[in-house]
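The values are calculated or read from the model by the stated rules, or taken from the named source; none is laboratory data. Being a predicted model, the structure only gives us computed values, none of them experimental. Here the Cβ positions follow ideal geometry from the backbone for every residue, glycine too, while neighbour counts run over all protein chains shown. Note: accessible area is taken over every heavy atom of the protein model, side chains too, but ligands, DNA and RNA are not part of it. Shrake-Rupley method; radii C 1.70, N 1.55, O 1.52, S 1.80 Å.
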Amino acid sequence: MRLVLLGMPGAGKGTQAKLLVERLGLAYIGTGEFLRDAIARGTPTGKLVEPIMKAGRLVPDAIVNEVVAELLRGPNRPEKFVTDGYPRTYAQAEAFDALLRLEHLELNAVINLSISDDEVVRRLLARARQDDTEATIRQRLAEFHANNDALIDFYQKRGLLKTVPAVGEVEEIYANILRALGLLPEATKKSAT
Ligand code: AMP
């Protein structure tokens, strides 16, 4: 199973990626984690991206694309994986697509964890990071939408997109993901009486 996880900040993408890794035995491809690791090890890439990440900006496409390409081109590349935080821009989605084609690896699905903007604001405010005010969160959301809407369009056109509501308990959302992947039977609808 090869999956891409998309979702707003606060949609629980990291949590769901972790469950998919633990329970389906997928390798974790988290570019944020890889980059933080590069910084901790003091590699040339780490030195390059440290100020960019500190400033809360996106790392240039060419750098993240190369990090992912190195992993998937290597002799010990994972055959099944879930990505968390990659691709993040349309250009990254195109580069990833080209890489996967070259490596004869096909994606099974792209899971879009969807929640409303108001719910994101509520969840992120509840986390109470000091720099999170409603205004800064809405600003980040606007930036996020600009990229994410393009990604959704990209994968929808390829017939890979599965939108999963990211509301409810962690286990409910996980079950929704499995259903979208056809790994669990559809839930029986409760009658509206
Ligand atoms: P994350 O752990 O996914 O929230 O990523 C943390 C930071 O790493 C982001 O704020 C970006 O600076 C950088 N980063 C991670 N993944 C990407 C990506 N796909 N494209 C650009 N920057 C990224």
Looking only at Q139, Q16, Q130, which one moves most when the chain is put into a Gaussian network model with springs between Cα atoms under 10 Å? Q130
Using the Cα centre of the stretch 4-51 as the reference point, and only Cβ charges (+1 on K/R, -1 on D/E), how large is the resulting charge dipole? Debye, rounded to the nearest 20. 40
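Once the other residues with Cβ under 10 Å from the Cβ of I115 are scored (Lys, Arg +1; Asp, Glu -1), what is the net sum?
So the surrounding residues net to -1.
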Residue (of L3, L35, A91) at the positive-pole extreme of the stretch 1-93, dipole from beta-carbon charges: L3
Radius 13 Å from Cβ of G74, net charge of other residues (Lys, Arg +1; Asp, Glu -1): -2
Length gained, A135-L178, 0.36 nm per residue minus C-alpha separation, equals 12.0 nm
Stretched out fully, how many nm does the piece from L125 to L102 gain, at 0.36 nm a residue minus the Cα gap? 4.0 nm
Quick check on the chain: helices-only [θ] at 222 nm, where DSSP H runs of length 4 and up contribute -39,500 (n - 2.57) each and the sum goes over total residues. Nearest 500, please. -17500 deg cm²/dmol
Taking a crude spin-label model, label points 7 Å out from Cα along the C-beta direction, the M1 to A62 distance in nm is 3.7
Modelled label-to-label distance, E70 and M53, 7 Å Cα→beta-carbon offset: nm? 1.2
About its Cα centre, how strong a charge dipole does the stretch 58-141 have in debye, to the nearest 20, once Lys and Arg get +1 and Asp and Glu get -1 at the Cβ? 220
In Å², nearest 10: area of E103 left accessible to a 1.4 Å probe: 40
Within-13-Å neighbourhood charge of L19 [Cβ basis; K, R +1; D, E -1]: -2
Test of understanding: express the Cα radius of gyration of the chain as a ratio to 2.2 N^0.38 Å, with N the residue count. 1.06
R77 versus D118, label points 7 Å from Cα toward the beta carbon: distance in nm? 4.5
Let me check something: with ligands and nucleic acids excluded, how do D37, D84 order by accessible area (1.4 Å probe), largest to smallest? D37, D84
For the chain, with +1 on Lys and Arg beta carbons and -1 on Asp and Glu, the positive-most of A166, I52, L20 along the dipole: L20
If R₀ is 35 angstrom, what is the calculated FRET efficiency for the pair A40 and K157, using the beta carbon separation as r and rounding to 0.05? 0.40
Treating only the Cβ of Lys, Arg, Asp and Glu as charged (+1, +1, -1, -1), what charge dipole size does the chain show about its Cα centre? Round to the nearest 20 debye. 200
